[in-house]
Amino acid sequence: AVSAAQQIPVAKKRIEIQSNFNQPSDIISDAQGLLYVLDGLNSRIVVLSDEGQLVREINTAKTKHHFDRAMALVIDNTVLYVADTLQHKISRFSLQGKWLGDFNLTAPEPLEAEDDSETKETKQSKRSPALPEPVSLLIRENELIYADRRWHRICFLELPDGKEKYCVGERGEMEGQFQFPFQIAQDRDGYLNVVDVLNARVQVFDRGGRYYSQTGRFSLDKMYRPNGNVFDALDYQYISDSYLGTISLYYQGRFLGLLQDRTGKVIKFTTPSRLFYDPSGYLYVVDSQANLIQKLELGYQALASLPEQQEEVSRKNCVTCHFSWGNDDKVMNMRDSESVLPVASVNMCYSCHHG
């Protein structure tokens, strides 16, 4: 028998699912196996069979309970939660699309007193801080957890009433700080793994919300703009990079390589901004700019050897945006189809500004 640590996932089969999407932002499934795709700029939810056939559509555009360019969704039994990012709330719907209520999110309390030398705008911001912008959702027991890109934190709400319990995080580069948190995933031990986009890592928090460790590191393991983040049934972790268009594989925090097909070819996407794993053995990739969902049938094969440790790229804060300034020869030569350097390409902008 081969242990999990001696294997590596591979994509045995790849299927494209299309349904007139316009920058889809998330995907989830219900207990019956139906897929719910959050169709970003169309501001609707498309319900599909597991084979990708259209079942129905949840479109609230003509109702007073519409969502606007929502970024995330999750299902808890028969309730569908939608992160209505720009309207600063989490909306609740039945699986058929009936509105059940909203959790209106509140801004954090100002931490600093006003200073006479501050501008009028800064003082106003402290009096009335901006409202949260939820971009990822996760259900854990009787909690609804969301990532807040506006205040660079993750927040925990009680279910079923939506009362806020606490939030952790602030903007920064240290442990427990974020620069735009994104997809949240839970490992088999119940620890939260949160994508930290601009810091190019995934931070791990214990069940009490305390910082525990991190997976990945800027410029290492082919990680520059992580977005998608999910675990499979064997606890392998998949982290997509929306700029490079690849999916990195980890097991217990150890980098195994990039997701490949059975022939050993690395699988590339346009902008893999979100991942979802179905227990039946499929990995779904939300390929936002390509306006489609990629369905990958997973298998496992023996791991030949671990990748060599890479040296960290210098000038981290520069390379955050100026990808082409890295000291990797391959990076230096990367240009898009119009021979434009990565810093000026659509994909570099979109890796942070999707949605």
Return the loop-located GluC sites (Glu not before Pro) in region 158-217 (DSSP other than H, G, I, E, B) with at most 11 other Cβ atoms within 10 Å of their own Cβ; answer none if there are none. 175
Rounded, prolate or oblate: which one fits region 229-306, using the alpha carbon gyration tensor with axes a ≥ b ≥ c (rounded when a/c is under 1.5, else prolate when a/b beats b/c, else oblate)? prolate
Extended-chain gain in nm, criterion 0.36 nm per residue less alpha-carbon gap, residue 346 and residue 130: 75.0 nm
Region 162-237 shape via C-alpha gyration tensor axes, a/c threshold 1.5: oblate
Dipole magnitude of region 148-258 about its Cα centre (Cβ charges: Lys, Arg +1; Asp, Glu -1), debye to nearest 20: 220
When the accessible area of region 174-242 is computed with all protein chains present and a 1.4 Å probe, what percentage of it is carbon and sulfur? 45
In whole Å, largest first, what are the principal axis extents of the Cα atoms in region 193-265? 42, 28, 16
Can you compute the modelled spin-label distance between residue 306 and residue 53, with each label point 7 Å from Cα toward Cβ, in nm? 4.7
Residue-level accessible surface for residue 92, protein heavy atoms, 1.4 Å, Å²: 50
Counting only protein heavy atoms and leaving out ligands, DNA and RNA, the solvent-accessible surface of residue 174 at a 1.4 Å probe, in Å² to the nearest 10, equals 130
Compute the distance from the alpha-carbon center of region 74-102 to that of region 140-214, in whole Å. 20
Can you quote the Å³ per residue value for the convex hull of the Cα atoms in region 1-96, rounded to an integer? 148
Given H placed on each backbone N at 1.01 Å, which residues far from residue 71 in sequence or on other chains put an amide H within less than 5 Å of it? 83, 85
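The values are calculated or read from the model by the stated rules, or taken from the named source; none is laboratory data. Worth saying up front: this structure is predicted, and the values here are computed from it rather than measured. Note that we place each Cβ from the backbone using ideal geometry, even for glycine, and neighbour counts take in every protein chain shown. Accessible surface areas use protein heavy atoms only, side chains included; no ligands, DNA or RNA. Shrake-Rupley method; radii C 1.70, N 1.55, O 1.52, S 1.80 Å.
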